[in-house]
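In what follows, a single structure is set out as structure tokens and then discussed.
The values are calculated or read from the model by the stated rules, or taken from the named source; none is laboratory data. Only a predicted model underlies this, so the values are computations on that prediction, with no experimental measurement involved. So basically every Cβ, Gly included, is an ideal-geometry build from the backbone, and we count neighbours across all protein chains shown. Ligands, DNA and RNA are excluded from the accessible area calculation, which covers all protein heavy atoms including side chains. Shrake-Rupley method; radii C 1.70, N 1.55, O 1.52, S 1.80 Å.
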Amino acid sequence: MSHPTLKLLTGQDRRLRAGHPWVFSNELQMDAAAKALPPGTVVRLAAADGRPMALAQFNPHSLIAARVLTRNKDATIDEAFLERRLARALRLRERLLDQPYYRLIHAEADGLPGLVIDRFGDLMVCQLNSAGMALLEAPLLAALDRLLAPRCVVLRNDSPVRELEGLPLELRVVKGELAGPIPVQEHGLTFMADPLEGQKTGWYYDQRDNRQFTARLGKDQRVLDLYSYGGGFGLAALAAGARSALAIDRSPTGLDLARAAAEHNGLAGLVTERADAFAALDRLAADKERFGLVVADPPAFVKSKRDLKVGLKGYRKLARAAAGVVGEEGFLAIACCSHNVPLEAFADEVRRGIRDAGRGARLLHQAGAAPDHPAHPMLPESMYLKFHVYALD
Ligand code: SAH
């Protein structure tokens with residue numbers, strides 16, 4: 001198959017050669033012909049001297065101008081190619097998990113840049129987050145059909161990152177029908193997800209193992225699940241023997257899911273509260289409420305590198321306020337899902353926040369996303385999730 005060739009500028013091919021999957025727009029010879037290519041076109045990337053290097057998806061309007069699909073310069077990017085990538089990702093998930101509830105495709109790390117697929121049994125929720133993936137929608141859905149024959153496929157193409165690619169925000173059910181929340185199986189519990197109305201794809205699989213680790217710390221305790229969404233942390237703690245769980249989120253959708261899941265699992269002791277997390281923490285502190293386990297799993301405070309300074313302060317403030325309502329010898333679990341925040345910076349803000357609260361502490365556990373969210377080794381920002389658990393004095 002013939003693809004237009006795009007050359008890198010002299011001396012700009014070192015990162016690509018070292019295995020990085022992206023080329024930025026200022027590293028390419030952007031002539032008029034290149035600029036005229038439709039966003040998402042598959043191109044052959046070549047060094048300045050003309051040696052071919054990789055096949056990539058090209059978007060002349062995006063800062064991440066080229067995303068590598070394969071180093072095999074003779075590959076054909078078609079349904080069969082996509083099916084092989086999907087099948088490889090599926091084999092990995094089947095080694096990791098015994099139930100079909102997981103992130104099937106995690107973008108670059110699974111060799112499909114810009115694509116996320118979360119699997120809920122025979123329902124797939126896809127995010128086509130790059131112009132290249134948007135252009136491959138038809139062969140991709142055909143490949144998914146051949147491999148897994150899903151009953152229902154939802155395109156949750158409403159992530160703001162699509163705007164950077166010049167793509168519209170949309171939500172489409174492209175196969176089958178879906179009405180309302182669906183069950184999710186996780187470590188022996190059934191949660192409820194909402195692929196249409198809920199956050200992101202409808203469920204946060206990345207916290208699966210962190211929920212399991214943290215749950216035991218809440219046994220016989222009162223648990224506070226801040227930024228609870230569907231109550232994953234609080235419900236897991238209740239199932240592990242917590243006395244009660246207070247789930248707080250500003251979105252009613254998440255809290256509805258949490259209550260439905262509590263009922264489904266026969267778990268008593270869940271209380272939900274629709275509130276801003278910081279306002280709720282102020283009230284709880286004023287009322288001298290204390291919890292044996294506090295989990296704080298906020299949305300990204302740092303949405304872009306420009307917000308880094310302000311956003312980092314948010315993690316310190318959150319750690320301080322959350323530590324303030326942890327009872328004696330209780331636990332604080334705090335997460336950061338901002339890919340722009342380096343691990344050390346997050347760790348530092350949390351340490352400071354706990355100290356600001358006047359609490360002594362030991363770091364008990366550090367983790368990232370569950371392994372169905374693999375990271376591309378050359379994209380440290382794909383290790384976006386940071387999760388720290390402290391035992392307080
Ligand atoms: N802990 C959840 C995931 C949390 S995602 C889980 O285990 O699945 C972040 C959540 O924070 C979202 O549900 C969002 O509605 C909520 N949120 C965002 N801003 C908030 C705020 N200011 N106060 C409370 N909740 C907020």
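Could you tell me which of the pairs Lys7/Lys73; Lys219/Lys317; Lys200/Lys317 are separated by over 20 angstrom between their Cα atoms in the structure shown?
Listed pairs above 20 Å: Lys219/Lys317; Lys200/Lys317.
Taking K and R as +1 and D and E as -1, what net charge do the other residues with C-beta under 12 Å from the C-beta of Ser2 add up to?
+1
How high is the FRET efficiency from Leu147 to Leu37, r the C-beta distance, R0 30 Å, rounded to 0.05?
Working from the Cβ atoms, E equals 0.50.
Quick one: net charge of Arg84's neighbours, Cβ under 12 Å, K/R +1, D/E -1? Walk me through the numbers before you get to the answer.
Details: positive: Arg85, Arg88, Arg91, Arg146; negative: Asp78, Glu79, Glu83, Asp110.
Neighbourhood net charge equals 0.
Which whole-number value in Å² is the accessible area per residue of the stretch 15-111, probe 1.4 Å?
I get 45 Å² per residue for the stretch 15-111.
Provide the FRET efficiency to the nearest 0.05 for the Arg14-Asp282 pair, computing r from the beta carbons and using R0 = 51 Å. List each step's numbers first, then the result.
Numbers: r = 51 Å, r/R0 = 1.00.
My answer for the efficiency is 0.50.
Report the local net charge at Ala48: Lys and Arg +1, Asp and Glu -1, summed over other residues whose C-beta lies under 15 Å from its C-beta. Please report the intermediate quantities before stating the final value.
Details: positive: Lys7, Arg14, Arg15, Arg17, Arg44, Arg51; negative: Asp13, Glu27, Asp31, Asp49.
Summing Lys/Arg as +1 and Asp/Glu as -1 gives +2.
In whole Hz, what ³J(HN,Hα) sequence does the stretch 334-341 give by Karplus (6.51, -1.76, 1.60; θ = phi - 60°), x for Gly and Pro?
For the stretch 334-341, the Karplus curve yields 9, 10, 9, 10, 7, 6, 7, 9 Hz.
222 nm [θ] for the chain, helices only, -39500 (n - 2.57) per DSSP H run of 4+, per residue, to 500?
That comes out to -8500 deg cm²/dmol.
Quick one: grab the alpha carbon gyration tensor of the stretch 79-175, order the square roots of its eigenvalues as a ≥ b ≥ c, and give me rounded if a/c is under 1.5, else prolate or oblate depending on whether a/b is larger than b/c.
Prolate.
P(r) for the stretch 147-208, please, calculated from all Cα pair distances in 5 Å bins and given in %.
Values per bin, smallest distances first: 4, 15, 22, 22, 20, 12, 4, 1, 0.
Quick one: plug the Kirkwood hydrodynamic radius of the stretch 203-340 (C-alpha pairs) into Stokes-Einstein at 25 °C, 0.890 mPa s, and report D in µm²/s.
165 µm²/s
How large a share of the accessible area of the chain, in percent, is made up of carbon and sulfur atoms when the probe is 1.4 Å and the other protein chains stay in place?
Numbers: 8860 of 17090 Å².
Here carbon and sulfur together make up 52 percent of the probe-accessible area.
Using modelled backbone amide H atoms (1.01 Å from N, in-plane), which distant-in-sequence or interchain residues come within less than 5 Å of Ala65's amide H?
So Ala65 has HN proximity to Val23, Phe24, Ser25.
Per residue, how much accessible surface does the stretch 169-258 expose to a 1.4 Å probe? Answer in Å², no decimals. Mind showing how you got there, number by number?
Working: 3410 Å² over 90 residues.
Each residue of the stretch 169-258 exposes 38 Å² on average to a 1.4 Å probe.
Can you list the trypsin sites (Lys or Arg not before Pro) in the stretch 284-386 that are in a DSSP coil and have 14 or fewer other beta carbons within 10 angstrom?
Here the sparse-neighbourhood loop sites are Lys288, Lys303.
For the stretch 48-60, what does the Karplus curve 6.51 cos²θ - 1.76 cosθ + 1.60, with θ = phi - 60°, yield as ³J(HN,Hα) per residue in whole Hz, taken in order and with x for Gly and Pro?
Result, ordered by residue: 4, 7, x, 5, x, 10, 6, 9, 9, 8, 10, 10, x Hz.
Between the stretch 260-286 and the stretch 154-201, what's the alpha-carbon centroid distance in Å?
24 Å
Out of residues 5 or more away from Lys7 or on other chains, whose amide H comes under 5 Å of its own, with H placed 1.01 Å from N in the peptide plane?
Result for Lys7 returns Gln29, Ala46.
Of all DSSP beta bridges located in the stretch 183-392, what percent are antiparallel, nearest 5?
45 percent
List the residues, sorted by chain then number, that are 5 or more residues from Glu186 or on another chain and whose placed amide H is less than 5 Å from its amide H.
Phe191
Under 10 Å, Cα contacts only: if you run a Gaussian network model on the chain, which one of Leu115, Leu255, Leu364 comes out with the highest mean-square fluctuation?
Leu364
Reachable aspartates and glutamates from Lys309, Cα under 17 Å, same-chain residues fewer than 8 places away excluded?
Glu344, Asp348, Glu349
Give me the dipole magnitude in Debye, nearest 20, for the stretch 256-393 about the Cα centre, with unit charges on the beta carbon: positive for Lys and Arg, negative for Asp and Glu.
560 debye
What would the Debye equation give as log₁₀ I(q)/I(0) for the chain at q = 0.15 Å⁻¹, counting only Cα atoms as equal point scatterers?
-1.31
What are the ³J(HN,Hα) couplings of the stretch 64-77, residue after residue, when phi is run through the Karplus curve with 6.51, -1.76, 1.60 and θ = phi - 60°? Round to Hz, x for glycine and proline.
Calculated HN-Hα couplings, in order: 7, 7, 9, 10, 5, 9, 7, 8, 7, 5, 9, 5, 10, 8 Hz.
Say each of Val161 and Asp348 gets a label point 7 Å from the Cα, pointing the same way as Cα to Cβ; how far apart are those two points in nm?
About 2.6 nm separates the two model spin labels.
Counting pairwise Cα distances across the stretch 140-247, what percent come out greater than 21 angstrom?
Working: 2832 of 5778 pairs.
Percentage above 21 Å: 49.
Counting alpha carbon pairs within less than 8 Å and at least 6 residues apart, what relative contact order, in whole percent, applies to the chain? Mind showing how you got there, number by number?
Working: 860 pairs, mean separation 41.1, N = 393.
Reported relative contact order: 10 percent.
Rg/Rh for the stretch 1-74: what does it come to with C-alpha atoms and Rh from Kirkwood?
A ratio of 0.90.
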